[in-house]
Amino acid sequence: MARILLGVCGGIAAYKALEFVRLATGEGHAVRVVQTEASQRFVGAASFAGLTGAPVLVGEFERDPARGAFPDQAPPDHEPLSHLELVANADVYLIAPTSANTLAKLAHGLADNLLTSAALAATCPVVVAPAMNNHMWEHAATQGNAALLRERGVTVLEPGVGRLGSKGEWGAGRLPEPADLLAAVHAATAGATPTAAPDTPAAPHLVGLRVLVTAGGTREPLDSVRYLGNRSSGRMGFALASEAASLGADVTVIAANVSIARDPRVRYVDVETAAELQAACEAHFAATDLLFMAAAVVDFRPASAHDGKMKKGEDEALSLSLERTPDVLAGLAAQRRQGQTLVGFAAEHGDGALAYGRDKLARKGVDAIVVNDIGRKDIGFDVDANEVTIVTAGGERHVPRAPKAEIARAILTEALALRAASPPVAEGA
Ligand code: CTP
């Protein structure tokens, strides 16, 4: 049994906080609730008071009839300061939903209402469950605030991906389900510091979907020791695969010469050349729902590879005869079936990047092209950060510089949105 202080911010997801209280009190936990003023526009204090059996506080100067005690405690015989007494008595402080505004205040130590003052005074574990519009969640400021709080030991739960509160909106920003919030509370009070969020409602959205990712760069042999290749590390593809696995997908990666750590939840097929990559893709494609073609496929290969090691002899120069490799992605797109979503990648330099991306979208017959600017040193090859623009028939979406894991989530969100916009037609329909 734990004493749970629940902070509720303004947002459509506030209704889920009621269900959380019902679950928590049903398990025998003692719950007190503090609300922001804005949250009262969504859910009234009377509902929380009824479910917790204790007064609900909003203002810092409001008198607490329970004098900071939880329902299982006798009130003290003095009048303590609510924001200090409530957190002093609590085993855990859960803020759910946490709005973007409150997240920013928490990150920067602002204490301008009872909810934020209590957070500043809390010595118990603090669990923050953000819920907001996907663009607000993905904004660099919000991401920075979440990272800052995590660095300080606050558990910031990852919001789920899916249908959002406002009509027609889809993306990352859903409040985890009440049962997941309770699991996070259990983990926090058990002394565990969960690094990953518990399964959020995001999970069901990729459960049952088969995701195929290509990653790395192909190598085309010149002789038995030399090859034509490129600098792709495979990080972006691997990040996509791990993120998809976290969301419950069945994931296969076709890895072209990738030497970074592997995710035990993902199946890997290793290949070296464009021809091997093509064969592996062809073998897996029919059973794929979502394809992410992140591999850098060498466009020209030596027309014939030399047997053994080429000797330079007296030659001052060497001419190579090269031939085109197959366009694997365009080949797969030509045989796509209803219900498959195809995403290609384009590494481009500078100004014309988006125009090239748009051209590839049409030329390759895919649903989206993820364009990144390889002219920049701070993103792209061998760097754990990226900044991309996702080009679709409906427009362009810029994803600001972020770790590749976050870029991966944004790409998955976009791919899911594309699927939602053109749902798979049932066979025989
Ligand atoms: N691609 C592919 N097979 C190739 C070349 C590229 O499947 N032989 C895929 C890549 O994996 C990527 C997308 O096509 O998802 C775009 O790759 P890119 O090299 O930018 O495209 P190209 O058609 O080769 O265009 P460019 O003329 O810019 O080289």
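The values are calculated or read from the model by the stated rules, or taken from the named source; none is laboratory data. All of these numbers come straight from a predicted model, not from anything done at the bench. Cβ atoms come from the backbone with ideal geometry, glycine included; neighbour counts cover every protein chain shown. The area values use the complete protein model at the heavy-atom level, side chains included, leaving out ligands, DNA and RNA. Shrake-Rupley method; radii C 1.70, N 1.55, O 1.52, S 1.80 Å.
Annotations
- Relative contact order, whole percent, for the chain stands at 10, derived from Cα pairs under 8 Å and 6 or more residues apart.
- C-alpha long axis of helix 178-189 to longest principal axis of the chain, angle in °: 80
- Basic side chains Lys and Arg get +1 at the Cβ, acidic Asp and Glu get -1 at the Cβ, and with that the dipole of the range 3-189 about its Cα centre reaches some 380 debye.
- Tail fraction, Cα-Cα pairs, the range 3-189, threshold 24 Å, whole percent: 31
- Loop exposure criterion: trypsin sites (Lys or Arg not before Pro), DSSP state outside H, G, I, E and B, at most 16 other Cβ atoms within 10 Å. Applied to the chain, the longest stretch between such sites is 64-151.
- The D378 and Q335 beta-carbon pair, evaluated with R₀ = 51 Å, returns a calculated FRET efficiency of approximately 0.85.
- Between the residues G59, F70, H108, the greatest Cα displacement towards the positive end of the dipole of the range 58-121, with unit charges on the Cβ of Lys, Arg, Asp and Glu, is found for H108.
- Segment D223-H135, length gained on full extension (0.36 nm per residue, minus Cα span): 26.7 nm
- Fully extended contour minus Cα-Cα distance, from H349 to D72, at 0.36 nm per residue: 93.3 nm
- Here the simple spin-label model places points 7 Å from the Cα toward Cβ, and for A279 and A147 these points are separated by 4.2 nm.
- Surface exposure of the chain, expressed per residue as accessible area with a 1.4 Å probe, stands at 46 Å².
- Note on the range 72-132: semi-axes of the ellipsoid equivalent to its C-alpha gyration tensor, largest first and rounded to whole Å, are 23, 13, 9.
- Annotation note: chymotrypsin sites (Phe, Trp or Tyr not before Pro) in the range 3-61 located in DSSP loop regions with a Cβ neighbour count of at most 14 within 10 Å are F61.
- Residue-by-residue Karplus 3J(HN,Hα) for the range 394-406, coefficients 6.51, -1.76, 1.60, Hz, glycine and proline x: x, x, 10, 10, 8, 10, x, 3, 7, x, 4, 4, 6
- Solvent-accessible area assigned to carbon and sulfur over the range 3-189 amounts to 54 percent, based on a 1.4 Å probe.
- About the centre of its Cα atoms, the chain shows a dipole size close to 400 debye [charges on the beta carbon of Lys, Arg (+1) and Asp, Glu (-1) only; nearest 20 debye].
- Counting DSSP beta bridges with both ends in the chain, the antiparallel % (nearest 5): 30
- Here the range 303-336 is scanned for amide nitrogen atoms under 14 Å from the site 7 Å beyond the Cα of S422 along Cα-to-Cβ, giving 333-336.
- Subtracting the Cα-Cα distance of S321 and E27 from 0.36 nm times their residue separation leaves 98.5 nm of extension gain.
- Legend: calculated FRET efficiency, A261 to D299, from the Cβ-Cβ distance at R0 = 25 Å, rounded to 0.05, equals 0.30.
- Solvent exposure ordering (accessible area, 1.4 Å, most first) of M293, M310: M310, M293
- Rough spin-label spacing in nm, given labels placed 7 Å along Cα→Cβ, for K311 and M1: 8.8
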